[in-house]
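Quick notes on the structure that follows.
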Amino acid sequence: MITRDEWDDASFNALLGATPMLFGDQLTPTKLMRALERTQLVAQGQALDEAQWAALTRAFGTSGNIPKPKNIAPVVVPPVPQTRAELVAAVRVAERPLDLQQERIAKTVPPGPQRIRGLAGSGKTVLLAQKAATMHLKHPDWDIALVFFSRSLYEQITTQVDHWLRLQSDGETRLADAQHKLRILHAWGSQGQPGFYRVLAEHVGAPPLSVRDAPYGFHASKNLIYCAHRLLQIAEEQQASLEFFDAVLIDEGQDLVNEEPAILYEQRQAFYWLAHRSLRPVPQEVSLFEELDLKKPALRRLIWAYDEAQSLDSMMIPNTRTVFGDSWADVFGAGATYRGGIGKSEVMRVSYRTPGPILVAAHALGMGLLREGGMLSGPTQQKDWDRLGYEVTAGDFRGKEPVTIHRPARNSPHPLPALTSEPLVTFDNYSSRAEEIRALTANIARDVREGLQLSRNILVVTVGAGASANSMMLKVAEGLKVAGIDFYIPSADAKNLPAGKNPNRFWLEGAVTITTIHRAKGNEADVVYVVGLDEVARAEGDIQVRNQLFTAMSRSRGWLHLSGSQMAGRPFEREVRQVLASHPTLTFRPSPPRRRTDDDE
């Protein structure tokens, strides 16, 4: 693209006379708007009214085209919806406001790496799926990989990518047609299903390692990073090129980093460096009057999205310095944007999926903001709370005076709070686990009477350390069975059975899914029941347990019910009740958290 100065210096710059022109250095949002405002009108028109503007943005944008959740029974929405099924239907027909930031991110193709930080419900998975589809349709010759960590997301991501391919090609292209160039890959893979690591291992002729070959037991993420580290070593020893793709997009990026020094590769995160090495260099973009800079490091299209609050196995945050170490500047190149105003780093602060009361409660409990012993994690600067979509209305974090934060409705535009006076977040403490489970089954039976379906409308998540969460899941399953409610445990062969060998399956028609948080990640439901908060109370100072709770709570796109047993009088019970009474404003005393989530990019 030619800049204004280059055009003015050219000998032929008078050939087009007074023809309006845009130049390459005018394509940032501010400069583009200024150029358009200064350009003389070709013909005089009238300003668009609200309805015309909405129609125009619908025609050019994504709004209204996002796939609706599956398995929703048709419900006629009355003028004043009352039942939960009617309220869910009313939410479905309420078209969300157009998010121009999402449009820009999804429909632009950066000529190098791009980091996308987005909180729960901000649309990261939808955005990456649309971005992958856009890339393929613009560049059908490219080899593209969309990589994810949770096996239970496979159906959701493939459905999303297929939807965007069909929509943007007027039905001419399907994922089945594109799969030889656009691959949806689990980060690891297995013998029966190709994965990102496995594809690259086979590419360089290295035997792919399995879980049994990795040394970190049940820590799936850590084992995968170990395998990536070993593959980088093998490629270096054999002087083999890992280059295979033209673009790699990573979802759930927070699950692919780890603090363990032994699996760092030359001070870089091994999985991310493997992804970077798997990419072909992007040819330099030069204008008509520029020359190639042979000393300039080649850029590669590595795009990753993450939410550090949903990290379950690591306390690290996958920003550019964490991922690439001292070489981050060479990887990203100079400047904050690419030509045309495409950002190298994007922060998404608006949550569409999760209603505001739920998200505020999830952040407060996940970070321990009202914890009696002081906050455990979170931002320590006003600008970083802004990046999460909060306003700091009192205090400044520089002293010990209380700080007040508020989440404005514009950053949580979910319509449900305006449709019902029913509290969207509730908490109950019971005298025993058996009583807690009996109350759960009664609540699910009520949801069904109100028109909700067991599958996809309702989700039960058990929290706590691995063994206790699994044990609790089986107790919940037994309680549902006694109550005559069909259940499904992810990966099982059929309903009302223990886990099986179908790792990609999360939902089953006619049965309510019961799961631990590691399988629930990335999935969502209209009503979410989080069971076993007494297990969180036992480890209330553990940041990873708190992250589990945040992730479980933020699976809800409607109602959230928290429950535990024998919690009366315990500090965590008081904390939960205080948090639920505080929405939409939280006041707390800042203290140095064990985990800072400030964005220093």
Q: Report the full-extension gain for the segment ALA334 to ARG280: residue separation times 0.36 nm, less the Cα-Cα distance, to one decimal in nm.
A: 17.5 nm
Q: Would you work out the relative contact order for the chain, in percent, from Cα pairs under 8 angstrom that are 6 or more residues apart?
A: 16
Q | ASP141-GLU478 FRET efficiency (beta carbon distance; Förster radius 60 Å; 0.05 resolution) | A | 0.65
Q: Any of LYS138/LYS296; LYS124/LYS501; LYS138/LYS495 with alpha carbons more than 31 Å apart? Name them for me.
A: LYS138/LYS495
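Report the equivalent ellipsoid semi-axes for the chain in whole Å, largest first, defined as the square roots of five times the eigenvalues of the gyration tensor built from alpha carbon atoms.
For the chain, the semi-axes come out at 40, 30, 25 Å.
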Q) So between THR404 and LYS181, what do we pick up on full extension, going 0.36 nm a residue minus the alpha carbon distance? A) 75.3 nm
(Q) Can you give me the Kirkwood hydrodynamic radius for the range 140-279, using every pair of distinct Cα atoms, in Å to one decimal? (A) 15.7
Q) Taking all protein chains as present, what is the carbon and sulfur share of the accessible area of the chain, in % to the nearest whole number, probe 1.4 Å? A) 53
(Q) Considering all projection directions equally, how large on average is the shadow of the alpha-carbon convex hull of the range 356-595, in square nanometres? (A) 12.9
**Q.** the range 475-539, Cα convex hull volume normalised per residue, Å³
**A.** 109
Q) Given H placed on each backbone N at 1.01 Å, which residues far from TYR430 in sequence or on other chains put an amide H within less than 5 Å of it? A) GLY564, SER565, GLN566, MET567
Q. If you take the beta carbon distance between ASP486 and ASP49 as r and set R0 to 60 Å, what does 1/(1 + (r/R0)^6) give as a FRET efficiency, to the nearest 0.05?
A. 0.70
Q.
Could you work out how much longer the chain between VAL204 and ALA568 gets when fully extended? Use 0.36 nm per residue separation minus the Cα distance between them, nm to one decimal.
A. 125.2 nm
Q) Can you give the net charge of the other residues whose Cβ lies under 10 Å from the Cβ of TYR430, counting K and R as +1 and D and E as -1? A) -2
Q: Give me the distance between the Cα centres of the range 37-54 and the range 185-234, rounded to whole Å.
A: 55
Q: Hey, for a label at ASP326 modelled as a point 7 Å past Cα toward Cβ, could you say which residues of the range 228-270 have their backbone N under 13 Å away?
A: 266-268
Q. Where only protein heavy atoms count, and the probe is 1.4 Å, what is the accessible area per residue for the chain in Å²?
A. 44
Q: Kindly state, to the nearest 0.05, the FRET efficiency for THR585 paired with PHE12, given R0 = 56 Å and r defined as their beta-carbon distance.
A: 0.35
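The values are calculated or read from the model by the stated rules, or taken from the named source; none is laboratory data. These numbers come from a predicted model, not from an experiment. Positions of Cβ are backbone-derived with ideal geometry, glycine not excepted, and every protein chain shown enters the neighbour counts. Accessible surface areas use protein heavy atoms only, side chains included; no ligands, DNA or RNA. Shrake-Rupley method; radii C 1.70, N 1.55, O 1.52, S 1.80 Å.
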